[in-house]
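**Student:** Structure provided below as structure tokens; questions to follow.
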Amino acid sequence: MAYRTLGPSGARDVWLVLHGGPGSGGNLGLAQPFDLKRQRVILPDQRGSGASRPRGSTRSNTLGHLVRDLEALRLHLGLRQWHVLGGSWGATLALAYAASHPTSVGSLVLRGAFDANGGTVRRLFQRFWPDRPPLRAGLGGRPMCHRLSQLLHGGALGVTQARVLTQWQGMELDAALAGARRSARTATDHPHRLQAHQHWQALQRQRRQLTARAPSQRQLLALRPKYRVQAHYLARGCGVAPGDWTRWLDRAAGAGIGVQWVQGGLDAVCPRGIASTAHARWRALAPAASQLHLVTGGHLGTDPGVLAALRACVAAISQAAP
């Protein structure tokens, strides 16, 4: 597992930051909620993602493998405990890790909680990828993702693969734009309204560029590993069996781990009901251990409202640490 370390090596607060996707890989933008003069941040690339090799590999690449990788990384770094921040799929992985290794986790910050439910995935595909011309075999959810997984494991980058990669990238941008557009229109305080508008404009530029000019062969080859891993996980329910999500909540809450849920109220990818239901269950077991922050924002951690909430959560946890 490839990883990057940011911030001072002797910092009191150490944070593990888990990227979404699956398959996206870590990037420096994930460190925005932190004060890198005082906090140490570990950014791993999950199996098959980013700088981890072989890139795009789905062999021995399951949720269980990723959980074991994280614990092996903690031991390798010689850390007794760390705080964990994860967004979207990264929130799923963070929760599974905390449930499996509760003594390794000081606290959790979970953004845009994703429960890997088939209905959540199906709604996303049906709303933002409605035509799916090369994939008539499914109506969204697992049937379609199985077809995607098979297609993206093909060796040659043919016309159908290129079309699917371009459309998938467009679907992600459209889902992000849906929340960003509403955030820009509904943000009330002036700094956040301006930042939200700039965020929306930046996403719009990306979407226009994708529409105006098809990605090059080189760009498509760079995209394929990401979506190959993502399709692999989605086709298999991300390794989350029925009942796993609630069992993880119960184990982590029962272990006394504190959690901060950061949820964009305009998130078009992960409905806010996932976080609010999880928060209520956690509080039923540990009333003081869970807090829900419902903010004006979309799905991305770079959305100004979401980012401000993440920064506040991280700062509060650091101040409360002994």
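**Student:** Filter the strands (runs of 3 or more DSSP E) completely within the range 1-50 down to those with at least 2 residues that are surrounded by fewer than 20 Cβ atoms within 10 Å (Cβ to Cβ). Write out each step before concluding.
**Tutor:** Numbers: elements: 3-6, 13-18, 39-44.
In the range 1-50, the matching strands (runs of 3 or more DSSP E) lie at 3-6.
**Student:** Here's something else I'd like to know. Is it the case that the range 168-186 has a residue that's part of a loop (DSSP other than H, G, I, E, B) and modelled with pLDDT under 85? Give the steps one after another, and end with the answer.
**Tutor:** As a first pass, look at the range 168-186 and keep what is part of a loop (DSSP other than H, G, I, E, B): none.
Among the residues of the range 168-186, not one is part of a loop (DSSP other than H, G, I, E, B) and modelled with pLDDT under 85, which makes the answer no.
**Student:** Where in the range 61-138 are there helices (runs of 4 or more DSSP H), lying fully within it, with 3 or more residues that are at pLDDT 95 or above? Show your work before the answer.
**Tutor:** Values: elements: 63-77, 89-100, 118-128.
In the range 61-138, the matching helices (runs of 4 or more DSSP H) lie at 63-77, 89-100.
**Student:** Exactly one condition in (1) surrounded by fewer than 22 Cβ atoms within 10 Å (Cβ to Cβ); (2) over 23 Å from ARG224 (Cα atoms) is false for PRO54; which is it?
**Tutor:** Only one criterion is unmet by PRO54, namely (2).
**Student:** Restricting the search to the range 141-172, which residues are crowded, with 20+ Cβ neighbours inside 10 Å and over 12 Å from TYR227 (Cβ atoms)?
**Tutor:** GLY141, MET144
**Student:** Let me ask something else. With the structure loaded, tell me whether GLN209 is under 30 Å from ARG247 (Cβ atoms), surrounded by fewer than 16 Cβ atoms within 10 Å (Cβ to Cβ) and either of a type in the set (Gly, Ala, Ser) or modelled with pLDDT under 95 (or both) or whether it fails that test.
**Tutor:** On the way: under 30 Å from ARG247 (Cβ atoms): no; surrounded by fewer than 16 Cβ atoms within 10 Å (Cβ to Cβ): yes; either of a type in the set (Gly, Ala, Ser) or modelled with pLDDT under 95 (or both): yes.
Spelling it out, it is not the case that GLN209 is under 30 Å from ARG247 (Cβ atoms), surrounded by fewer than 16 Cβ atoms within 10 Å (Cβ to Cβ) and either of a type in the set (Gly, Ala, Ser) or modelled with pLDDT under 95 (or both).
**Student:** OK, next. In the range 261-275, how many residues are under 14 Å from VAL109 (Cα atoms) and touching a Leu at 6+ places or on another chain (Cβ under 7 Å)? Explain how you work it out, then say what you get.
**Tutor:** Going residue by residue through the range 261-275, those that are under 14 Å from VAL109 (Cα atoms) are 261-264, 275.
Narrowing the set further to residues that are touching a Leu at 6+ places or on another chain (Cβ under 7 Å) leaves 261-263, 275.
Residues flagged as under 14 Å from VAL109 (Cα atoms) and touching a Leu at 6+ places or on another chain (Cβ under 7 Å) within the range 261-275 amount to 4.
**Student:** Which residues, counting only those in the range 221-277, are within 30 Å of GLY170 (Cβ to Cβ) and of a type in the set (Gly, Ala, Ser)? Spell out how you get there, then give the answer.
**Tutor:** Of the range 221-277, the ones within 30 Å of GLY170 (Cβ to Cβ) are 221-240, 245, 261-276.
The answer is ALA222, ALA231, ALA235, GLY237, GLY239, GLY264, GLY265, ALA268, GLY273, ALA275, SER276.
The values are calculated or read from the model by the stated rules, or taken from the named source; none is laboratory data. None of the values given here were measured: they were computed from a predicted structure. No Cβ is skipped: glycine too gets one built from the backbone with ideal geometry, and neighbour counts run over all protein chains shown.
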